[in-house]
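J.: Here it is, the structure in full.
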Amino acid sequence: MKRLLVSLSSLGLTLLLGSGALVLGASANDECLDRRSPLRGTWSYSQVEEINPLFGNLPITAVGVLKVDNCGRFQAHAVDNVPCQDANCFGLGPLGVKNPLDFTFSGQLITQPDGMATATGIAFGTEFRRACVMMEKRGDCFQEFSCVSTDPDPPNAVLLATFKRQLPGACQ
């Protein structure tokens, strides 16, 4: 009886470890949503937000660097500038943020075969969404893309972001 219990517990442990490895493998696969992304590499970008309801419908300009891995995940660093009366922008309220605003954000780019892409990310703890179009394809990769906001909230935000590869042809 003791042998049977030891055998069953060994079998249970083996099944548990095996199923854990399967779950771990599935999770790792789910994280890479765009294998060999045609946008992998380092990008410079500029963005003009013509209307931003959070800032009294004032325009916002931004420049930054975006690094995209093989799976389409990105990390970015940006500097935003809002026209303010003084160094403390009125639209930033209790955040106490000074203008210009220097920050980092991250997210995911998913590309489509037709040249479109979608971007989702988190900045300042808030999710954002973008529709993008890729341009100037060389080999497996694109050299430029532009995005517009598809966020439902806040309504009426209008922006255009243009991304250019820092080193043309650097996507291998």
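J.: Calculate, in nm to one decimal, what THR61 and ASN81 gain on full extension: separation in residues at 0.36 nm each, minus their alpha carbon distance.
T.: Result: 6.7 nm gained on full extension.
J.: Would you mind calculating the gained length between ALA123 and SER106 on full extension (0.36 nm times residue separation, minus the Cα-Cα distance), in nm to one decimal?
T.: Additional length available on full extension: 5.4 nm.
Values in this text are rule-based calculations from the coordinates and carry no lab data. If you're wondering where the values come from, they're calculated on a predicted model, not measured in any experiment.
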